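The values are calculated or read from the model by the stated rules, or taken from the named source; none is laboratory data. Everything numeric here is computed off the predicted structure, so don't read it as measured data. When we count neighbours, we look across all protein chains shown, and the Cβ atoms used for this are built from the backbone with ideal geometry, even at glycine. Remember, those area values only see protein heavy atoms, side chains included, never the ligands or the DNA or RNA. Shrake-Rupley method; radii C 1.70, N 1.55, O 1.52, S 1.80 Å.
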Amino acid sequence: LIAAADRGEQSGTMELQIRYQDEPVWVRIFHQTVRDPYTSSVNIWISCVDIHAEKQAELRLTEMAKLDQLTRICNRAAFEEYVTERCAMDQDGLNWALIMLDLDGFGRVNDLLGHSAGDQLLRDIADTLQLTIGEHDMAARIGGDEFALIVNGEVDADGCAQRIETIKSVIRQPYVLDDRTICIGTSCGSACYPADRA
């Protein structure tokens, strides 16, 4: 605030997260700076407003905007944002891989059992993918029956091939939809950073 006053800024607003009774709380701070013209002293008037509920709702909306509404995993926008940020980072010494997958024969499920069964299958596949990734990895639904995984850590082409075989094996397990058991396959492709960067 003193630095703002030195820059000639007399008032402003900021949002901060503070700790109150050992709990994080969001507050909005309004401040007015008045410099005494006869001395070098500066008076700062501060008013705080509790905006914790408002901020929590805002953060929930931001988070929801990054989730696929059907499967509750990341959506295409969140995936593209993550990849863009990741590509812009200094990657020296860091490895990561992108695995894209598409369900084989998914349209047949919708045709035979209806879209509600197809939706349930997509949710089941998303849950399965979440179980195959690590804590710092990402699973996203790109659209329709297309999914993407970002795998962080020491990953090379052989590691991707092994991961893909695991994913294919897990997804091939029978699913029970509307009292019918179905099996579904997947087509996958992968690229590793930095080995496959253009």
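Observations on the model:
Results for (1) in contact (Cβ under 8 Å) with a residue 24 or more places away in the chain; (2) basic (Lys, Arg), shown as yes or no for each residue.
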{"residue": "Ala3", "(1), (2)": "no, no"}
{"residue": "Asp6", "(1), (2)": "no, no"}
{"residue": "Gln10", "(1), (2)": "yes, no"}
{"residue": "Leu16", "(1), (2)": "no, no"}
{"residue": "Arg19", "(1), (2)": "no, yes"}
{"residue": "Glu23", "(1), (2)": "no, no"}
{"residue": "Asn43", "(1), (2)": "no, no"}
{"residue": "His52", "(1), (2)": "yes, no"}
{"residue": "Leu67", "(1), (2)": "no, no"}
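- Pair list, Cβ under 9 Å, 6 or more apart: region 122-144 residue closer than 15 Å to Arg163 by Cα, other residue surrounded by fewer than 13 Cβ atoms within 10 Å (Cβ to Cβ): Thr128/Gln173; Thr132/Thr166; Gly134/Gly153; Asp137/Gly153
Yes/no matrix, rows are residues, columns are (1) basic (Lys, Arg); (2) surrounded by 13 or more Cβ atoms within 10 Å (Cβ to Cβ); (3) under 38 Å from the mean Cα position of the chain (by Cα):
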{"site": "Ala3", "(1), (2), (3)": "no, no, yes"}
{"site": "Asp6", "(1), (2), (3)": "no, no, no"}
{"site": "Gln10", "(1), (2), (3)": "no, no, no"}
{"site": "Tyr20", "(1), (2), (3)": "no, no, yes"}
{"site": "Val25", "(1), (2), (3)": "no, yes, yes"}
{"site": "Arg28", "(1), (2), (3)": "yes, yes, yes"}
{"site": "His31", "(1), (2), (3)": "no, yes, yes"}
{"site": "Arg35", "(1), (2), (3)": "yes, yes, no"}
{"site": "Tyr38", "(1), (2), (3)": "no, no, no"}
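- Test: residue in region 150-160 that is open to solvent by 50 Å² or more (accessible area, probe 1.4 Å) and touching a Gly at 6+ places or on another chain (Cβ under 8 Å): no
- Residue satisfying all of: in region 163-177; open to solvent by 40 Å² or more (accessible area, probe 1.4 Å) and farther than 13 Å from Ile133 by Cα; modelled with the lowest pLDDT among these: Val176
- Number of residues in region 148-198 that are aliphatic (A, V, I, L, M), assigned to a helix (DSSP H, G or I) and under 24 Å from Leu67 (Cβ atoms): the value is 3.
- Selection from region 69-91 of residues that are hydroxyl-bearing (Ser, Thr, Tyr) and either touching a helix residue (DSSP H, G or I) at 6+ places or on another chain (Cβ under 6 Å) or touching a residue at least 40 places away in the same chain (Cβ under 8 Å) (or both): Thr71, Tyr82
- Put simply, of Ala126, Ala117 the only residue that is open to solvent by less than 70 Å² (accessible area, probe 1.4 Å) and within 19 Å of the chain's Cα centre (by Cα) is Ala126.
- Failed item in (1) under 26 Å from the mean Cα position of the chain (by Cα); (2) among the aliphatic types (A, V, I, L, M); (3) open to solvent by 40 Å² or more (accessible area, probe 1.4 Å), with Leu112 passing the rest: (1)
- Among residues of region 58-83, those that are modelled with pLDDT under 85 and either in contact with a strand residue (DSSP E or B) (Cβ under 9 Å, 6 or more places away or on another chain) or not basic (Lys, Arg) (or both), counted: 7
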